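A.B. asks: The structure follows.
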Amino acid sequence: KKPSAAHDEL
Amino acid sequence: MNIFRLFGDLSHLAAIAILLLKIWKTRSCAGVSGKTQLLFAVCFITRYIDLFLHFVSLYNTEKVMKLIYISASVFTCYLIFFKFKATYDGNHDSMRAEFLIVPAAGLACLINTKFDAIEILWTFSIYLEAVAILPQLFLISKTGEAETITSHYLFAQGSYRALYILNWIYRYHYESHVDTIAIVAGVVQTILYCDFFYLYITKVVKGQKIVLPA
């Protein structure tokens, strides 16, 4: 599973 | 966006609003840990630092939410340490915040996704948020009780990250998205609330007040 590049959560 | 993250963010907003209302209406911050609120303000500023670096027009709700979190937490600290300073229970708010900030900063330098300034700040913010509620829980254990409104604040604050865990499970399953650092810290953060959740559900829901030791 790919780790998220940008943190897209608050 | 999924239902868990939506309700998580709404629960977080509710917590911030409940605390502000409690302090503003009762004109008192008795039973509220100023240190926890300071740590939350630091978390928001270090996590949303991009808002200050390259200001982007408020074209989406996320930017607005970030600004709301930062301004509300700073305003809450202003109420506690300035406007209603006389009601601040400094004697019981005695957990050393440095014991939380320094390890979080150190760990952020050791365990992170990428060793660059913004990423380290984000990681520090995530680790700090996981333990930021400890001074508040410590204060309640020292005073031996929590006002009902403060219990509601804590329940909303704890539920927000618990809902985020469901969001991460959802995103893992449907979007094969994984943010390990946020997940591990979020689980630790939620575990810290377990004792309180038990008291809240067994007492506050029945209209009783939380008195420690239970």
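All of the numbers you see were taken from the coordinates with simple rules; none came from a lab. Values in this document were obtained by computation on a predicted structure and should not be read as measured data. All Cβ positions, even for glycine, are placed from backbone atoms using ideal geometry, and neighbour counts span all protein chains on display.
A.B. asks: Using DSSP to define loop residues, name the chymotrypsin sites (Phe, Trp or Tyr not before Pro) in segment B:1-80 whose beta-carbon has at most 10 other beta-carbon atoms within 10 Å.
C.D. replies: B:Phe55, B:Tyr59
A.B. asks: So how do B:His173, B:His152 line up by other beta-carbon neighbours within 10 Å, fewest first?
C.D. replies: Ordered by Cβ neighbours within 10 Å, fewest first: B:His173, B:His152.
A.B. asks: Looking at segment B:107-195, which chymotrypsin sites (Phe, Trp or Tyr not before Pro) are in a loop (DSSP not H, G, I, E or B) and have at most 15 other Cβ atoms within 10 Å?
C.D. replies: Listed in order of number, the matching sites are B:Phe115.
A.B. asks: Could you tell me which of B:Val178, B:Phe138, B:Ile118 has its Cα farthest along the dipole of segment B:38-197 towards the positive end, charges placed at Cβ (Lys, Arg +1; Asp, Glu -1), taken about the Cα centre?
C.D. replies: So the residue furthest toward the plus end is B:Ile118.
A.B. asks: Also, I was wondering about something else. Tell me what chain B gives for mean residue ellipticity at 222 nm when only DSSP H runs of n ≥ 4 count, each as -39,500 (n - 2.57), the sum divided by the residue total, rounded to 500 deg cm²/dmol.
C.D. replies: -22500 deg cm²/dmol, from helical runs alone.
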